[in-house]
Structure formats: C-alpha cells, structure tokens
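The structure under discussion appears below in the form of structure tokens.
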Amino acid sequence: MKIYTKVKDLQKDLMAYSKFGKSIGFVPTMGYLHEGHQKLLNEARKENDIVVLSIFVNPLQFGPNEDLDTYPRDFARDEQVAKVSGVDYIFYPSVEEMYPKTPCVKVFVTGKSDVLCGSKRPGHFDGVVTVVTKLFHIVQPTRAYFGLKDAQQAAIIDSLVADFNFPIEIVKVDIVRESDGLAKSSRNVYLTEEERQEAPLIYKGLKQLKESVAKGQMNPFDLKQALCTFYETNLHGQIDYVEILSYPDLKPISTLIGQTALVAVAYKYSKARLIDNVLIQGGKETK
Ligand code: PAF
C-alpha cells in the first residue's frame, strides 16, 4: 500500500494503470474510518483492479460554526484499516496541497440542496461537489463509492456526474449499523454516555415508521407527525429535521404509493448532530 500526499505523484502512478486498462475503484472519505467506510472499501476491492482511498477533511464543506477543527482524525489507525481492507493507494493531501490558493472557481449545486442537510448547512454541498470534482479529476476512477447514510450527498453526486459528464459509475452502499441499530458515523465519538445509550432510538423510530407503512399507512404527513412525536417523547436532544421526500429527486410527496421515498432524520445532541434514513420503495423498504 502506497501513501501519497502530492497530487502530481498520485496522478503519475495512476496514469500508468489507466493506460493498461485497469479499473480504479475510488472511496473518498474524511478519515476516522469505521465499518461503514470498510464496507465501501470492500465493495471497491471486489469490483476493481486498483483501490484508491482519499482522506481529506475538506474545509470548504464546513460552516463557520461547525466542527472543522474538532473533526476526529487518526491517520495511523486509518492506515491500518486501509491495509486490512486491501487499499492500494491512500491519497492524504494537506489543505495547502488541495487548495494552494483561494479557489477562483468553485462548483455550485443548483438543485436537491434546498432541503434536508442542504437547508440546514448553507454552502455544505457546494463544498462537497467542489472537492469531489477535484478528486474525480485527480484520481479519474472507473467507479466511486458513496454511503447511503448521506443519501442527499449520494443523490447530488449522481447529478454532478450526470451534469458534468464524468465517465464514472457511482456505486451506493447501504448504511452499516452498530448491533443496537445506531448508524455508524465518525461523529458518534462526540456522544456522551447517556446520549450513546438513547441514540439507537433514532433508528427505532424509523423502523416503526416502516412498520406503519407495511400496515398500509401511506400518508407522509401523518407518518412524519408520528415519528416526530416518538422522538419528542423518547429522546432528550433536538430534532433538526424529519422529512419524507421522493428519492433521488428530493421533492415533497403527497403519498408513498408508487414512490421511492427517503425518510430522513437529523438529530442534535449536545455535541453530535446525527443523521439517519430509510429508503422505502412503493410502500416497502428497498433494503
Ligand atoms: O462523505 C464524506 O466523507 C465527504 O463529504 C466527502 C465525499 C469525502 C467529500 O469531502
């Protein structure tokens, strides 16, 4: 496994592989790897000749009062996880390497970003698509892997690839959960002991909603109300949002019948803001 910190060095090496027609699987991350990332790496390993992992905490996607400075980082541990996951190349650039000057050109998201995390974190997805565009140009992957925990991000990346004609297949990988149901996230380390104990209820609420859908409740307004009531009654943090939208268009819907619907939650604890979701297909969960 090789580690590169310079764009030019990585590009030089990868170009040799592309010339021989080898496929490149790319997993972009911000590090502090967990089993969710490992699943992305495993999928990439299965489907490609070469696996490239990037680790870069991208300042452009953090707002002024967000956790850029405290975002968990542990490169030594990430290196071990990458090794056991069969990664060939880690790209681990500095901020100066990725943004030597204040960018003169950025990418802006014009759809799918006025809802969910996009409406709560202004500019976040512009920062995401700008860095992903740079990373796609640097790595030139055959396939790139994104987790469905960030379902809105995955939908926006689909549009980025379609709108800018990147010849890249986007592979979306299911959420990985702790044994008690909590979605794996680098930010789970921010939870206090009490918060960690009750946080699995976020997914419990989503599962109950799924059960209501299975029993025939197809009205998004009523489903959302019931989920909010469950959270308000059982959790001690704060709902940031609970939304039911079409997927991947992320538009409001008046019924779940015949739709792929995303039920998405963002929930705030003292230091952690957790997100989770389920996708429901025409009244049934897709996974
Ligand atoms: O999902 C993430 O970890 C980040 O948003 C990404 C895609 C690596 C871009 O910085």
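The values are calculated or read from the model by the stated rules, or taken from the named source; none is laboratory data. None of these values were measured; they are calculated from a predicted model. A quick note on method: Cβ atoms are made from the backbone with ideal geometry, for glycine too, and the neighbour counts reach across all protein chains shown. With ligands, DNA and RNA removed, areas are computed over all heavy atoms of the protein, side chains included. Shrake-Rupley method; radii C 1.70, N 1.55, O 1.52, S 1.80 Å.
Of note:
- Entry note, the chain: relative contact order of 17 percent, from Cα contacts under 8 Å with a spacing of 6+ residues.
- Solvent-accessible area per residue for the chain (1.4 angstrom probe, square angstrom): 49 Å²
- Once the Cβ-Cβ distance of K19 and C104 is raised to the sixth power relative to R0 = 25 Å, the FRET efficiency obtained is 0.20.
- Per-selection Rg to Rh, region 1-154 - Cα, Kirkwood hydrodynamic radius: 0.95
- As a size descriptor, the averaged projected area of the C-alpha convex hull of region 125-175 was calculated at 3.1 nm².
- Compared with the alpha-carbon gap, the fully stretched path from T260 to N165 is longer by 31.7 nm at 0.36 nm per residue.
- Build a GNM of the chain with springs between Cα atoms under 10 Å apart, and of V128, V95, V173 the one that fluctuates most is V95.
- On region 155-236, 48 percent of the accessible area sits on carbon and sulfur atoms, based on a 1.4 Å probe.
- More than 16 Å apart - percent of Cα-Cα pairs taken over region 9-99: 57 percent
- Every Cα-Cα pair of region 242-281 was included, and the share exceeding 17 Å stands at 32 percent.
- Summing charges over neighbours of T142, with a neighbour being any other residue whose Cβ is under 12 Å away from its Cβ, gives -1 when K and R count +1 and D and E count -1.
- Gaussian network model of the chain, springs between alpha carbon atoms under 10 Å - residue of K101, K210, K39 with greatest fluctuation: K101
- The convex hull defined by the C-alpha atoms of region 183-287 has an orientation-averaged projected area of 6.3 nm².
- Kirkwood hydrodynamic radius of region 134-225, Cα pairs, Å: 16.0 Å
- Residues in region 104-129 reached by a label modelled at K268 [backbone nitrogen below 20 Å; 7 Å Cα→Cβ]: 114-125
- Comparing region 1-45 with the 2.2 N^0.38 Å rule of thumb, its C-alpha radius of gyration ratio is 1.32 (two decimals).
- Here the Kirkwood formula, the inverse mean of 1/r across different C-alpha pairs, assigns region 77-138 a hydrodynamic radius of 14.0 Å.
- Inter-probe distance in nm under a simple model that places probes 7 Å from Cα toward Cβ, at E194 and K120: 2.1 nm
- About its Cα centre, region 197-287 has a charge dipole of approximately 160 debye under the convention of +1 per Lys or Arg Cβ and -1 per Asp or Glu Cβ, with nothing else charged.
- Accessible carbon and sulfur surface of region 1-78 relative to its total accessible area, %, 1.4 Å: 50 percent
- Mean projected area (nm²) of the alpha-carbon convex hull when the chain is viewed from all directions: 15.1 nm²
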